[in-house]
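Novice: Sharing a structure below in structure tokens format, with a few things to ask.
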There are 2 protein chains.
Amino acid sequence: MLLTDRQLLILQVIVDDFIRSAQPVGSRSLSKKEGITFSSATIRNEMADLEEMGFIEKTHTSSGRVPSEKGYRYYVDHLLSPQVLTQHDITIVHSIFAEKIFEFEKIIQRSASILSDLTNYTSIVLGPAVSVNKLKKIQIIPLNKETAVAIFVTDTGHVENRLFSLPSSVHASDIEKTVNILNERLNGVPLEDLNDKIYKEVAILLRQHIHNYDLMLNTLAQLLKMPVTEKLFFGGKTNMLSQPEFHDISKIRDLMTMIDQEEWISNIIRNNSKGINVKIGSENKNKIMDDCSLITATYSVGEEKLGSIAILGPTRMEYSRVISLLGILSKDLTNVLTKLYQNN
Amino acid sequence: MLLTDRQLLILQVIVDDFIRSAQPVGSRSLSKKEGITFSSATIRNEMADLEEMGFIEKTHTSSGRVPSEKGYRYYVDHLLSPQVLTQHDITIVHSIFAEKIFEFEKIIQRSASILSDLTNYTSIVLGPAVSVNKLKKIQIIPLNKETAVAIFVTDTGHVENRLFSLPSSVHASDIEKTVNILNERLNGVPLEDLNDKIYKEVAILLRQHIHNYDLMLNTLAQLLKMPVTEKLFFGGKTNMLSQPEFHDISKIRDLMTMIDQEEWISNIIRNNSKGINVKIGSENKNKIMDDCSLITATYSVGEEKLGSIAILGPTRMEYSRVISLLGILSKDLTNVLTKLYQNN
DNA sequence: AATTAGCACTCAGGAACAATGAGTGCTAAC
DNA sequence: GTTAGCACTCATTGTTCCTGAGTGCTAATT
């Protein structure tokens, strides 16, 4: 099943052309393409072979050819030359990181927006895993007699906060003591282990030093029972609406509803290995995504994968452009984060 | 232009029926409705009158009638009996506020989700105005030699945070002093006035006590130049896709793109007076929303309006249900916030 | 005077049909 | 091995016709 050079050429042109036009490619129009020196009849013969091998398909008996999933797969694996991005593209991507003072969330959100703007597909960015971040500081700031806000800062500068109420019977000094104990004992503990640690180590100390021991421990446990899942950020959710393959409204609805299913998407994207990953059509193992491709990339610090960025588009997607863009963005994100982490 | 009782009845039935079925209502089917004792011919006559007065329309010469904007307006103003919500509905709305420990944002987000689930329309919730909140506490927490995170807590428990870098030449003691000065001087100042205040009052003090005066003031100014716009939360963005009037994909796309235009939506919703507000079709002064109605409600503390909740649906919207739901939710939000503020 | 039955008329939407044209596969000639 | 030629296929478009739900108007009825 080795393809001749001519077959490769034809396959490539078919995929390229279809990606551009979304129209089945016929032998005649193909024969007029630049770089094609042979006649439409020859092309028809080659096409018949390519079809037999499963790389291309017809939409009906007398239609032009369209790449099959196998065709896209081959194209991505063997025929793809990474698109050289324009200076303009690169400038825009870098602009994400221009500000000196920032909320990390904003950076992530901006990444998503810009990625979707540059590609016209839907972008999905999975924020960095906070649950492995280590606690740097806890603070409790009373707002009034009954309410206070607890603030958790991690070594990466991530800030979580919770509002809670305490009966006014609890003394300010007790709160202060508690916070001190917590900071002493929990500094450097990953967020996901906080709850454990508090029962194993902090509880005893609290009992020794605090009046309202039960109540305090209880409240703390509640506070720390925070589900710190990675946040998801989207860009261009509506871009799919402009893709000709989704003129069918029920398809769109299914797709959109799926996208809004955050935990679900989150799982799909999280479970990708390092580097760039292309899932085409049914490779996504989901009926709704049969006409979609998902390209994911990861960003990391050192060896540790931290989060993912992804582009969801039709199978007829500009693979080369998307891969290039994800490539430089993931590198940039990795850089920023590495700077942040490495100095710790 | 006074309507007879019979005309009112007919108008009401037409609107109710059309809201339910999305189909033009004909005289024959109307005559068979419960409570209608007169013949289809009579109804045709009355319909002709109603049409002359502009309350109903035909979609083509021989079609049934459909409410006009004026018809909906009349219906909303005069014929609407607030829907009695089921215990089930009420329980669900109250469930938003069940937790003792919370992030306020989560409450708002949950409000949006539940509102859209209960109505099958798109919900938009404008978070409480933070810029008028008063500063309670500023903290700066160094993460490593060059990076630190600044945290701002308001009297309402809202937490803002910014990551920034400082040259390691700046002494820890200077940072501490600065934070002390800030907390002393800026406590109780509304966020929107911080920037002003810092130049007018804090600058002088800093110059007296701090070594790296210029650099510090500069960094602070950058930090405080935070655009604290109210956040927007959405629910059921895709619900519009299920509405039969939007089978046309380009309409949907326009609508969705508009919804994603956050500043824009934000303005529309913010600029509504207290209480419940119904904007029908072209009353929204926006071509894209000609087939939509927007119902907004506000939540407040005392006399002060804090934020808004809104439902966007087709003009053929279940006005009475939506109004009731927004009513109880806005009351609930007001209660929660009042508890939070009043104790200050 | 108000209501209703009756009738002619309108029009969106669907079915049936033909024409068009972009495409194919195959065969025979180059 | 390549290509010209030809018969064939089928999605798409436009035309026509039919049906049914609905209307407005008029004349009869209450």
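The values are calculated or read from the model by the stated rules, or taken from the named source; none is laboratory data. Bear in mind that the values here come from a model prediction, so they are computed numbers and not experimental data. In this analysis, Cβ positions are derived from the backbone assuming ideal geometry, glycine residues included, and neighbour counts consider all displayed protein chains. Each accessible area value is taken on the protein alone, full model and side chains, heavy atoms only, with ligands, DNA and RNA left out. Shrake-Rupley method; radii C 1.70, N 1.55, O 1.52, S 1.80 Å.
Novice: If only one of A:LEU85, A:LEU3 is in a loop (DSSP other than H, G, I, E, B) and in contact with a Phe, Trp or Tyr (Cβ under 9 Å, 6 or more places away or on another chain), which one is it? Steps first, answer last, please.
Specialist: On the way: A:LEU85 fails: in contact with a Phe, Trp or Tyr (Cβ under 9 Å, 6 or more places away or on another chain).
One residue alone meets the criteria, A:LEU3.
Novice: Restricting the search to region B:299-334, which residues are part of a strand (DSSP E or B), polar (S, T, N, Q) and within 22 Å of B:MET258 (Cα to Cα)? Steps first, please.
Specialist: Step one: list which residues in region B:299-334 are part of a strand (DSSP E or B), which gives B:299-301, B:304-314.
Checking which are polar (S, T, N, Q) leaves us with B:300, B:308.
Correct list: B:SER308 only.
Yes/no matrix, rows are residues, columns are (1) closer than 30 Å to B:GLU192 by Cα; (2) out of contact with any strand residue (DSSP E or B) (no Cβ under 7 Å at 6 or more places or on another chain); (3) touching a residue at least 60 places away in the same chain (Cβ under 8 Å); (4) not polar (S, T, N, Q):
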residue: B:HIS60; (1), (2), (3), (4): no, yes, no, yes
residue: B:LYS70; (1), (2), (3), (4): no, yes, no, yes
residue: B:THR91; (1), (2), (3), (4): no, yes, no, no
residue: B:SER123; (1), (2), (3), (4): yes, no, yes, no
residue: B:LEU126; (1), (2), (3), (4): yes, no, yes, yes
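Novice: Give the number of residues within region B:126-140 that are in a strand (DSSP E or B), open to solvent by 10 Å² or more (accessible area, probe 1.4 Å) and more than 9 Å from every other protein chain (Cβ to nearest Cβ). Steps first, answer last, please.
Specialist: Of region B:126-140, the ones in a strand (DSSP E or B) are B:126, B:134-140.
Those still in the list that are open to solvent by 10 Å² or more (accessible area, probe 1.4 Å) too: B:134, B:136-137, B:139-140.
Still in the list and also more than 9 Å from every other protein chain (Cβ to nearest Cβ): B:134, B:140.
Residues that pass the stated criteria total 2.
Novice: Looking at region B:37-48, I want the residues that are open to solvent by less than 40 Å² (accessible area, probe 1.4 Å) and have a partner that is more than 7 Å from DNA strand D (Cβ to nearest atom) and not aromatic (Phe, Trp, Tyr) with Cβ atoms under 6 Å, at least 6 apart or on another chain. Which pairs are those?
Specialist: From region B:37-48, the pairs are B:SER40/B:SER31; B:ILE43/B:LEU30; B:ILE43/B:SER31; B:GLU46/B:GLN7; B:GLU46/B:ILE10.
Novice: Could you tell me how many of the residues in region A:49-76 are near DNA strand C (Cβ under 9 Å from one of its atoms), in a loop (DSSP other than H, G, I, E, B) and open to solvent by less than 70 Å² (accessible area, probe 1.4 Å)?
Specialist: Looking only at that region, the number is 2.
Novice: Might you check whether a residue that is closer than 30 Å to A:THR257 by Cα, away from DNA strand D (no atom under 16 Å from the Cβ) and more than 14 Å from every other protein chain (Cβ to nearest Cβ) occurs anywhere in region B:63-83?
Specialist: So the first thing to find is which residues in region B:63-83 are closer than 30 Å to A:THR257 by Cα, and the list is B:83.
Then drop every residue that is not away from DNA strand D (no atom under 16 Å from the Cβ), which leaves B:83.
With the extra rule that they be more than 14 Å from every other protein chain (Cβ to nearest Cβ), the set shrinks to B:83.
Yes: one or more hits.
Novice: Could you check region A:271-288 and list, in sequence order, the residues that are within 17 Å of the chain's Cα centre (by Cα) and among the hydroxyl-bearing types (Ser, Thr, Tyr)?
Specialist: From region A:271-288, those within 17 Å of the chain's Cα centre (by Cα) are A:271-280, A:284; that's our starting set.
Of everything in region A:271-288, just one residue is within 17 Å of the chain's Cα centre (by Cα) and among the hydroxyl-bearing types (Ser, Thr, Tyr), namely A:SER273.
Novice: Residues that are in contact with a Ser or Thr (Cβ under 8 Å, 6 or more places away or on another chain) and away from chain B (no Cβ under 14 Å): list the helices (runs of 4 or more DSSP H) wholly contained in region A:152-232 that include at least 1 such residues.
Specialist: On the way: elements: A:172-186, A:194-197, A:203-209, A:213-224.
Helices (runs of 4 or more DSSP H) meeting the threshold: A:203-209.
Novice: Specify the residue that is least open to solvent (accessible area, probe 1.4 Å); the eligible residues are those in region B:233-254 that are part of a helix (DSSP H, G or I) and more than 9 Å from chain A (Cβ to nearest Cβ).
Specialist: First, the residues of region B:233-254 that are part of a helix (DSSP H, G or I): B:237-242, B:244-246, B:249-254.
Add one more test, that the residue is more than 9 Å from chain A (Cβ to nearest Cβ), and what stays is B:239-240, B:244-245, B:251, B:254.
Details: B:ASN239: 30, B:MET240: 4, B:PRO244: 67, B:GLU245: 46, B:LYS251: 79, B:ASP254: 74 Å².
The extreme case among them is B:MET240.
Novice: Same structure, new question: Just to be sure, is A:SER29 in contact (Cβ under 8 Å) with a residue 24 or more places away in the chain, within 16 Å of DNA strand D (Cβ to nearest atom) and either within 14 Å of chain B (Cβ to nearest Cβ) or among the hydroxyl-bearing types (Ser, Thr, Tyr) (or both)?
Specialist: So A:SER29 fits the description; yes.
Novice: Here are some residues: B:LEU143, B:LEU115. Which one is among the aliphatic types (A, V, I, L, M) and more than 14 Å from chain A (Cβ to nearest Cβ)? Spell out the reasoning first.
Specialist: On the way: B:LEU143 fails: more than 14 Å from chain A (Cβ to nearest Cβ).
B:LEU115 is the lone residue from the list that is among the aliphatic types (A, V, I, L, M) and more than 14 Å from chain A (Cβ to nearest Cβ).
Novice: Follow-up question, since we're still on this one. Identify, please: which residue in region A:9-26 is open to solvent by 40 Å² or more (accessible area, probe 1.4 Å) and touching a residue at least 40 places away in the same chain (Cβ under 8 Å) and is, among those, farthest from DNA strand D (Cβ to nearest atom)?
Specialist: The residue in question is A:GLN12.
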